[in-house]
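Each value in this text was obtained by applying a stated rule to the coordinates, not by laboratory testing. Quick caveat: nothing in here was measured; it's all calculated off a predicted structure. Cβ placement follows ideal geometry from the backbone for every residue including glycine, while neighbour counts extend to all protein chains displayed.
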Protein chains: 2
Amino acid sequence: MKLYEQLANDIASSIQSGVLKRGDKLPSVRQASASRQVSAATVFQAYYLLEARGLIVAKERSGYFVSVGANSISNTPEPILNHEIALTNVDMSHLVFEVLESIRNKSVVPFGSAFPSPLLFPLVRLGRIMASAMQELDPWASLDNISPGDAELRRQIALRYLIDGLHVTADEIVITNGALEALNLCLMAVTRPGDAVLIESPTFYAALQSIERIGLKAIEVPSHPKHGIDLEAMEQAIKLHQPKACWLMTNFQNPLGSLVSSDKKQALVAMLAAYQIPLIEDDVYGELYFGKQRPAPAKAFDHAGLVMHCSSFSKCLAPGYRVGWVVAGRFAKHIERLKLTTTISASVPAQVALAKYLQKGGYDKHLRQLRHVLMLNQMQFIQAIERYFPAGIHFTVPQGGYFLWLKLPAGVNALILHQQALKAGISIAPGPIFSAQLRFQEYIRLNYGHVWNSDIEHALMTLGQLIKAQLTPV
Amino acid sequence: MKLYEQLANDIASSIQSGVLKRGDKLPSVRQASASRQVSAATVFQAYYLLEARGLIVAKERSGYFVSVGANSISNTPEPILNHEIALTNVDMSHLVFEVLESIRNKSVVPFGSAFPSPLLFPLVRLGRIMASAMQELDPWASLDNISPGDAELRRQIALRYLIDGLHVTADEIVITNGALEALNLCLMAVTRPGDAVLIESPTFYAALQSIERIGLKAIEVPSHPKHGIDLEAMEQAIKLHQPKACWLMTNFQNPLGSLVSSDKKQALVAMLAAYQIPLIEDDVYGELYFGKQRPAPAKAFDHAGLVMHCSSFSKCLAPGYRVGWVVAGRFAKHIERLKLTTTISASVPAQVALAKYLQKGGYDKHLRQLRHVLMLNQMQFIQAIERYFPAGIHFTVPQGGYFLWLKLPAGVNALILHQQALKAGISIAPGPIFSAQLRFQEYIRLNYGHVWNSDIEHALMTLGQLIKAQLTPV
């Protein structure tokens, strides 16, 4: 991260935590430059970023002030904490498919998509590396790359954990057809049909679909929009319903964008270990942090080998290559075998190309650029929402990823909005697809992982009008 | 197929059907040339092939005779027809994994492998095509290729069905991560845990592993080494146990090498339709025929949309690319969605490269070469078995694929032989891994899909000695 981004983030944190309040004057560029020991240009760029983000406003000849809107922006929607924690037979895949299929049309503005824009990835360089990897391909790779997967790719992945301070051996890693397959295999490894699985609410709909497909029951534990799952409620749920597994997203959760702190992750892992419950950790957004460093996964606090850490290259490097993995702890052998009997191996050309890309270096540089674009996109989105959406919209500002989780004003229905938006050529992800009980009727998830342009701004304006229209009595 | 191969096959059929008996004299080269209206060279080549195959012997100055061994070669092992058709909770994956893992060592002669040699495939040309496909890759392909899969690849696959006389639309095709995923998705689409599934006995162990993993029960119906599943026993089993699905391999079955005739396929499909039971047809070896044309799949006789025809490029073109498909009839939409929630899509580079390969042409030429090599390999194997194995070995001569299913002499145990062979650096596939009830203790499957050389011949000699040793009282 560049210096001015760091400075902007520091100031943004001060605003969000309330140290700087609305209307407060910021230090002048000269003052800040002296006190922070950075160049005036750096301060200027940081202030520019914060202005773009709508957190501060420049007043002519007076300097910079915390914007009035800054507080509403960071106005986190109240978590739904008081709902009864029930055991639910999941039966909502149909709604999810309807929504997903309706938004596949390429002419639709993809705010409802789960994928960032493919234009953000180094596909040309990857293609060149794949071309050269195919020239050198050992014919026997098709057999060598069978589950648990390409040895060099597993070594490269283990190295990346090491850089982040996690000791993971290649033996513990199973290569999969994307993170989704990893998550599904983990779930199959530790449950039998009829078992209960603890998930967060709201949760990524694919977890609900997996639970439904395998014939499991869901225990939905409320999750805080900023801080993630509620540990007290979680322990209650464990005592009440004895889940056989827990499936969570700890970093920049989909759809919330929430981030579980390291302390809380440690407590989470310890609690699950005490009850001997395996944790299936979905960490596909961990590399997309806007802060100073990659947030540690819960796996970092795992001493019992009970955490299965799932991730992939699909959201940060190589969409469509379908290469993911799981660091599977004590379940590694079992999952290696499950992979073998379900899909044998991930595609060999994709495995060897990614191994070679990681060997060559350049991944971290790409990730820095990607994070920067996503952070700027987030600012643009927030600014546009401030401008075009009616009052009474609540959302948090995630510290990574590419999703915004919005609470609509009272009286606005997300599923109706989804239908109306679709007619206007815009997709959104309506809240109910993130809950086995079809909760979150007044929430939507917006994807800001697409390159900002006037079409996107116009679509946000239209969306704002549709929300306003639902508020206006006919 | 070349003319002399056709002629050789015709004569081999006459021998196998008993029209030509051991010791019978064949027409002279001149006679045959006149009666068959082919050149003398063609007859000579055909006789040479048949001699290599051990079916005929040349006697000096007397001409060619059906060899004494010919009858033992075509001596089909008796099908096990009289076992009780039971409903079995499958619990034998462990044995299968033990065997599969023991044979992954690259220094082992791979008679136990399920894969043909990767050296038989046009990997260099495929690699070049992939390299050029990656240069032209539309960044949005990662989204366009999501289940049901790449549109051009599905169109190319539909075209191949059309050439074989089957009207299949691209809409009915779902691209999968190899045939194994297709088969698994089909099974998930039409069963729930606890349901019964009808399979053949012996059966491909992956079917048993899938049934075990999903928590289904197996109904094993005896299959004839040459002609495939027993329809009468099948109907009995249906009446008795009401299976929710039937999973079969109709062409060059693994492990038997059996081929179900078109008439029998038609009767099979009609029977299943009468009971409204979906057929999951595994047809990954259909392109590897040694006869005049590709045997039709059972899908060709499907009027009710109940047959799900699964195949892939893994065994005939692109091992390790992990691209397969299912023509799923009335289940197409359901399977498209199951694919989406389990692994999203097959690897995009592999999908676009294969679409481009099929567009460019050359697949049929490659297949002709591949079939020729496999047929010659089969002859070499049979000759070596005749030479090195003790009397009392029974096997059929499959008309395609790359497996031989051998019945060992009474008293020889396949699992013990597997252990002994492994110590001698040779893998075999012991019979019990092909049965939920661990039957076929005196059978082994040998893979002849590896390039013939003196190591392979030597390994067959060693195997023969090990079998003989088990026969010799200590």
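Projecting label points 7 angstrom from Cα along Cα→Cβ for A:LYS365 and A:ALA41 puts them 2.1 nm apart. P(r) tail, segment B:102-147: Cα-Cα pairs separated by more than 16 Å, 62% of all pairs.
Per the Debye formula on identical point scatterers at the alpha carbon atoms of chain A, with no solvent, log10 I(q)/I(0) at q = 0.06 Å⁻¹ is -0.27.
Taking 7 Å steps out from each Cα toward its Cβ at A:ALA391 and B:LEU162 produces label points 6.3 nm apart.
Placing R0 at 22 angstrom, the Cβ-Cβ distance between B:HIS303 and B:TYR275 gives a FRET efficiency of 0.90 after rounding to 0.05. In chain A, the longest principal axis of the Cα atoms and the axis of helix A:262-274 are about 40 degrees apart.
As a length-normalised measure over Cα pairs under 8 Å and 6 or more apart, the relative contact order of segment A:323-472 settles at 23 percent.
Counting only alpha carbon atoms, the long axis of helix A:414-423 and the longest principal axis of chain A meet at about 80°. Can you give me the relative contact order of segment A:121-363 as a percent, contacts being Cα pairs under 8 Å and 6 or more apart? RCO, segment A:121-363: 29 percent. Dividing the convex hull volume of the alpha-carbon atoms in the protein assembly as shown by its residue count gives 179 Å³ per residue. Taking each DSSP H run with n ≥ 4 as -39500 (n - 2.57) and averaging over every residue of chain B yields -13500 deg cm²/dmol at 222 nm. Normalising the average separation of contacting C-alpha pairs (under 8 angstrom, six or more residues apart) by the number of residues puts the relative contact order of chain B at 21 percent. Compared with the dominant principal axis of the Cα atoms in chain A, helix A:454-471 is inclined by about 80°. For segment B:228-366, the spread of Cα coordinates along the three principal axes comes to 47, 40, 26 Å, biggest extent given first. When you filter the trypsin sites (Lys or Arg not before Pro) in segment B:272-344 for DSSP loop state and at most 14 other Cβ atoms inside 10 Å of their Cβ, you are left with B:LYS292. For the residue pairs A:LYS244/A:LYS292; B:LYS315/B:LYS365; A:LYS333/B:LYS244, the C-alpha atoms sit more than 27 angstrom apart in A:LYS244/A:LYS292; A:LYS333/B:LYS244. Distance between the C-alpha centres of segment B:283-322 and segment A:356-384: 44 Å, rounded to the whole angstrom. When a/c is below 1.5 the answer is rounded, else prolate if a/b is larger than b/c, else oblate, so apply that to segment A:121-363 with a ≥ b ≥ c taken from the square roots of the Cα gyration tensor eigenvalues. It is prolate, given that a/c is not under 1.5 and a/b is the larger ratio.
Going by Cα centres, segment B:86-103 and segment A:229-243 are how many Å apart? That distance is 37 Å. Extending 7 Å from Cα along the Cβ direction at A:ALA151 and again at A:ALA86 yields two label points whose distance is 5.4 nm. Exposure here means at most 16 other Cβ atoms within 10 Å; with GluC sites (Glu not before Pro) in a DSSP loop as sites, the longest stretch of chain B lacking them is B:137-474.
In summary, the aspartates and glutamates within cross-link reach of A:LYS106, defined as a Cα separation below 18 angstrom excluding same-chain residues under 8 places away, comprise A:GLU98, A:ASP455, A:GLU457, B:ASP138, B:ASP144, B:ASP150, B:GLU152. The spacing between segment B:104-159 and segment B:409-464, judged by their C-alpha centroids, is 30 Å.
For the pair B:SER102 and A:ASP455, a Förster radius of 60 Å applied to the C-beta separation gives a FRET efficiency near 0.55, rounded to the nearest 0.05. Report the residues of segment A:254-277 in range of a label on A:LEU231: point 7 Å along Cα→C-beta, backbone N strictly under 13 Å from it. Those under the cut-off are A:260-274. Using 0.36 nm per residue and subtracting the Cα-Cα separation, the extra length available between A:ALA34 and A:SER13 on full extension is 5.5 nm.
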